[in-house]
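S.K.: Below are the structure tokens for one structure; questions will follow.
The values are calculated or read from the model by the stated rules, or taken from the named source; none is laboratory data. Only a predicted model underlies this, so the values are computations on that prediction, with no experimental measurement involved. Cβ atoms come from the backbone with ideal geometry, glycine included; neighbour counts cover every protein chain shown.
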Amino acid sequence: MRDSKCANPGAELKPRSLYHAIASLHLYSAEFARPSSSGEKGIRLKLPMASSSLSAFRTQATNPPVDLPLRDSHGRVIHDLRVSITDRCNYKCVYCRTGEMGAQYPELAIEEYIRLIGLFVSLGITKVRLTGGEPLLRRDVVALVQELSRLRTVDDEPLDLALTTNGHLLDSLAQPLKDAGLNRVTVSMDAVDAATFERITRIEGSFAKVLAGVRAARAAGLTPLKINCVLLRGFNDDQIEGFARFAREEDVVVRFIEFMPLEEGRLWTPEIVVTLREIVDRIGRVLPLVELPPREASETARRYTFADGVGEIGIIAPVSQAFCGACSRVRLTSDGKIRTCLFSQVEHDLYGRLRAGAGDEELRTYIVRTIHMKEARHHIGEPSFLKPSRSMVHIGG
Ligand code: SAM
């Protein structure tokens, strides 16, 4: 079905009315009004799981039936896997969630994620990022990290192990995650002003919790610590300059991400997107920026420091300056489907094959064939654009 909003950009929602559109989405359900302190509140959709111990599922890198490195049909090397371990979230960010729905998809057992991730690693994946939903809501997330930290790449190196979180539960989990072998963490924050932040997350007290989480992560050595901020015109774009100062004061890398049409509701228009060019110009007027060279070809962020060399800003511009040509990513959803692009129209049921009893070689062959089908690029802003059936929170951002 064609996305009429994108086909007719800006027709219904003008930037000035965005705040009102978002404010009207403030629909609390009692079930989700407060984040769970135990981290396990929410819909439990556990699939039947194997009873073996975690270590029984550890997969060693073995000779795969393919030439390495893993490539798609466009010649891109795929070395980066993002794994959603739940699509539950304890925040209802207004640009992401409608506020009406909770989890929509089942979760695999932790052992099953370990087995599937091990297969990807045996095929050449070197970087694994855990995400969600909110990954810290999974009770066994520390045990999962510990098991993943024992995997070795095909070059017999440890994995580059990262996690993306809203930071709400990070205060107490940062050190255990570091001790378990996590290398880095990215915290999502869409405002540096507490009132704006809480209006966005729709959770009282969230700013103080996340700030404590950021500081705990830095103290634990989960660095370089990145803060991801999605900017929406007329809603939180007044935070840009504040974030530039926050990057310097808190010694974090702030990365602004252009808003993509992946929300549960229908807010996206090209006019709402605050582009890379605009962000650079606005910060530059307050604190002059100096562009930094990319560290690797597949780096998604354009990086800048300030004239005095203190602090770093990154801008991820999938809308105004798409980087699909250098994409090295593939995703595994919380219910075990492979997604070869955020905007894929089809999903590939890896877990279904595992449940049907497929052995490791069969699953590897399936992964290789699926990655070969990775899309050349997304089509945001084009008349032919189709919104994917899952939104960001259910894919794994
Ligand atoms: N709960 C975790 C968190 O908050 O970081 C992980 C999941 S969240 C979906 C991952 C990231 O996706 C967040 O930084 C969020 O701001 C971003 N995000 C959500 N919807 C987006 C959209 N439509 N466009 C761009 N980024 C989006």
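S.K.: E249: in contact (Cβ under 8 Å) with a residue 12 or more places away in the chain, in a helix (DSSP H, G or I) and away from the ligand (no atom under 16 Å from the Cβ), yes or no?
M.R.: No: the conditions fail for E249.
S.K.: A follow-up question, please. Considering only region 172-209, state which residues are closer than 16 Å to L225 by Cβ and away from the ligand (no atom under 15 Å from the Cβ).
M.R.: Listed by number, the residues that qualify are Q175, K178, N183.
S.K.: Out of the helices (runs of 4 or more DSSP H) lying entirely within region 125-244, which hold 1 or more residues that are over 30 Å from R277 (Cα atoms), free of Cβ contacts under 8 Å to residues at least 40 places away in the same chain and polar (S, T, N, Q)?
M.R.: 141-148
S.K.: As an exercise: evaluate G234 against (1) touching a Phe, Trp or Tyr at 6+ places or on another chain (Cβ under 7 Å); (2) surrounded by 23 or more Cβ atoms within 10 Å (Cβ to Cβ) and give the number of the one condition it does not meet.
M.R.: Failing condition for G234: (2).
S.K.: Let me ask you something else. Checking T305 against (1) more than 16 Å from the ligand (Cβ to nearest atom); (2) of a type in the set (S, T, N, Q); (3) touching a helix residue (DSSP H, G or I) at 6+ places or on another chain (Cβ under 9 Å), which single condition isn't satisfied?
M.R.: Here T305 meets the rest and fails (3).
S.K.: Pairs needed: first member in region 82-105, within 23 Å of K337 (Cα to Cα); second member anywhere, part of a loop (DSSP other than H, G, I, E, B) and aromatic (F, W, Y); C-beta distance under 7 Å; at least 6 residues apart or different chains.
M.R.: Pairs that qualify, where the first residue is within 23 Å of K337 (Cα to Cα) and the partner is part of a loop (DSSP other than H, G, I, E, B) and aromatic (F, W, Y), are D87/Y105.
S.K.: Also, quick follow-up: Please specify each residue of region 86-102 satisfying the condition of being under 14 Å from the mean Cα position of the chain (by Cα) and more than 8 Å from the ligand (Cβ to nearest atom).
M.R.: If the condition is that a residue be under 14 Å from the mean Cα position of the chain (by Cα) and more than 8 Å from the ligand (Cβ to nearest atom), then T86, D87, R88 are the ones that fit.
S.K.: Report every pair of residues separated by at least 6 positions or lying on different chains whose Cβ atoms are under 9 Å apart, first residue within region 365-377 and hydroxyl-bearing (S, T, Y) and at pLDDT 95 or above, second surrounded by 18 or more Cβ atoms within 10 Å (Cβ to Cβ) and part of a loop (DSSP other than H, G, I, E, B).
M.R.: Sorted first by the residue in region 365-377, then by its partner, the pairs are T365/P64; T370/T340.
S.K.: T126: surrounded by 23 or more Cβ atoms within 10 Å (Cβ to Cβ), of a type in the set (S, T, N, Q), modelled with pLDDT of 95 or more and out of contact with any Lys or Arg (no Cβ under 9 Å at 6 or more places or on another chain), yes or no?
M.R.: So T126 fails the test.
S.K.: Something else: Looking only at region 97-111, filter to residues that are surrounded by fewer than 24 Cβ atoms within 10 Å (Cβ to Cβ) and touching a strand residue (DSSP E or B) at 6+ places or on another chain (Cβ under 8 Å); which one of those is nearest to V141 (Cα to Cα)?
M.R.: Residue satisfying both the conditions and the ranking: A109.
S.K.: (1) over 21 Å from the mean Cα position of the chain (by Cα); (2) buried (at least 20 other Cβ atoms within 10 Å of the Cβ): which one isn't true of V187, the others all being true?
M.R.: (1)
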